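Enquirer: Have a look at this one.
The values are calculated or read from the model by the stated rules, or taken from the named source; none is laboratory data. This structure is a prediction, so every number in the text was calculated from the model and none was measured. Positions of Cβ are generated from backbone atoms using ideal geometry, with glycine treated the same way; all protein chains shown enter the neighbour counts. Ligands, DNA and RNA are excluded from the accessible area calculation, which covers all protein heavy atoms including side chains. Shrake-Rupley method; radii C 1.70, N 1.55, O 1.52, S 1.80 Å.
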Amino acid sequence: MGEEPGNSPLPFQERGLIRAVLKDAARDLAAVSSTPRLDAELLMAHAIGASREQLLLRHLDDPAPPGFDPLLARRRAHEPVAYITGCRAFWSIELAVGPGVLIPRPDSETLLEAAVAHFGAAGPARVLDLGTGPGTLLLAALAQWPGATGLGIDASATALDYARANAETLGLAERATFRLGDWAAGVTERFDLILANPPYVGTGEVLPVSVRDFEPPAALYAARAGLGAYHVLLPQLPARLASGGVALVEIGASQGAAVSTIAAEAGLKASILQDLGQRVRVLLCRG
């Protein structure tokens, strides 16, 4: 019987080359990832000290490095790629990440898209990022608008260590201040742009193993069916918004109506924005 299409043995001269190892790795990762080929490429790029683009353009016919196998084993055990490589691209920047911080998601870029649509090229003067994590939203905003400065607040000292290091690496440390805190409690200044990605997963909801077992629970789960953080955060916003300012808060796909009610009760004028996948993603609030 002939070989199944796509399963025929590779020519001897291709075995052990990066292109062949990537093919095998993607097949192995299919059981643990929805993006197995991408994961394999990112891990291989990390192993050879190159970007993914450089890997694909220049290195596919190089011998696979021995350091790739341990990285692949970690991913097979569901560890997130970003923790293995120590970095994650977001918006126009790259952030160092690791255990103890929430990994930036592409869906959160919807907040930056909405901010650009509102402020245009002029941008906001002052930005507040509540639950900043490794500095994700604040540093992306400061990179977008070179004239802006901002404050990032988080309840995690570990996350703030990453945020300060990222600000230094990106050349934004003089424009970004980070502070340990509980949302906007104790903040007295008003801001043109407030950004927040609070935890919004209900404590009983099921998450992928790579998220559930590795990322910090405090950045994922919220009480009151995932709405607990909004009950604290949204009432703080009217007093923190400057005239003409907006707050952009990430929400879960099924939470639009409930979070809009909380915002209205806090005296905010709110509207719902969708992400590129047409899923509810952002609550836009005005005072």
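Enquirer: Grab the eigenvalues of the alpha-carbon gyration tensor for the stretch 31-91, scale each by 5, take roots, and send me the semi-axes largest first in whole angstrom.
Expert: After scaling each eigenvalue by five and taking roots: 18, 14, 11 Å.
Enquirer: What does the convex hull of the alpha-carbon atoms of the stretch 75-144 project to on average, in nm²?
Expert: The number I arrive at for the stretch 75-144 is 4.9 nm².
Enquirer: Follow-up question, since we're still on this one. Using heavy-atom solvent-accessible surface (probe 1.4 Å) with all chains present, what is the largest-first order of His59, His46?
Expert: His46, His59
Enquirer: Moving on. Before rounding to the nearest 500, sum -39500 (n - 2.57) across all DSSP H runs of length at least 4 in the chain and divide by the residue total; then give [θ] at 222 nm in deg cm²/dmol.
Expert: About -10000 deg cm²/dmol.
Enquirer: Taking every alpha carbon pair in the stretch 243-287, what does the distance histogram look like in 5 angstrom bins from 0, in percent?
Expert: Binned Cα distances yield the sequence 5, 26, 33, 21, 11, 4, 0.
Enquirer: Counting only heavy atoms of protein chains, what accessible area per residue, in Å², does the chain have with a probe of 1.4 Å?
Expert: That works out to 47 Å² per residue.
Enquirer: Now for a separate question. Quick one: the Cα spread of the stretch 102-175 along its three principal axes, in angstroms, biggest first?
Expert: The Cα atoms of the stretch 102-175 stretch 33, 27, 18 Å along their principal axes.
Enquirer: Would you mind pulling out the separation of the Cα centroids of the stretch 189-220 and the stretch 50-118, in Å?
Expert: Here the answer is 19 Å between Cα centres.
Enquirer: For the stretch 185-287, go through all pairs of different Cα atoms, get the mean of 1/r, take its inverse, and jot down that Kirkwood value in Å.
Expert: Evaluated over the stretch 185-287, this radius sits at 14.2 Å.
Enquirer: Another one. Rounded to a whole number, what % of the accessible area of the chain do carbon and sulfur atoms account for, probe 1.4 Å?
Expert: Percent of accessible area from carbon and sulfur atoms in the chain: 54.
Enquirer: What percent do you get for the relative contact order of the stretch 7-117 when only Cα pairs under 8 Å and 6+ apart count?
Expert: This gives 20 percent for the stretch 7-117.
Enquirer: Another question about this same structure. Antiparallel versus total DSSP beta bridges in the chain: what percent is that, nearest 5?
Expert: The antiparallel proportion sits near 40 percent.
Enquirer: Calculate the all-directions average of the projected area of the stretch 51-201's alpha-carbon convex hull, and give it in nm².
Expert: 10.8 nm²
Enquirer: Still on this structure, I have one more. Only four residue types carry charge here, +1 at the Cβ of Lys and Arg and -1 at the Cβ of Asp and Glu. Report the dipole size of the chain about the Cα centre in Debye, rounded to the nearest 20.
Expert: For the chain, the charge dipole is close to 540 debye.
Enquirer: Grab the beta carbon distance between Ala157 and His231, set R0 = 30 Å, and tell me the FRET efficiency rounded to 0.05.
Expert: Here the calculated transfer efficiency is 0.75.
Enquirer: Something else about it: Give the residues of the stretch 251-269 whose amide nitrogen is closer than 16 Å to a point set 7 Å from the Cα of Arg286 in the direction of its Cβ.
Expert: The answer is 264, 267-269, whose backbone nitrogens lie closer than 16 Å to the label point.
Enquirer: Magnitude of the Cβ-charge dipole of the stretch 29-181, K/R +1 and D/E -1, about the Cα centre, nearest 20 debye?
Expert: 200 debye
Enquirer: Further question: Using 0.36 nm per residue, how much length does the chain from Glu94 to Glu189 gain when fully extended, once their Cα-Cα distance is taken away?
Expert: Taking Glu94 through Glu189 to full extension adds about 31.3 nm, to one decimal.
Enquirer: Under 8 Å for C-alpha pairs, at least 6 residues apart: give me the relative contact order for the chain, rounded to a whole percent.
Expert: 13 percent
Enquirer: How high is the relative contact order of the stretch 61-220, in percent, counting Cα pairs under 8 Å that sit 6 or more residues apart?
Expert: Answer for the stretch 61-220 is 24 percent.
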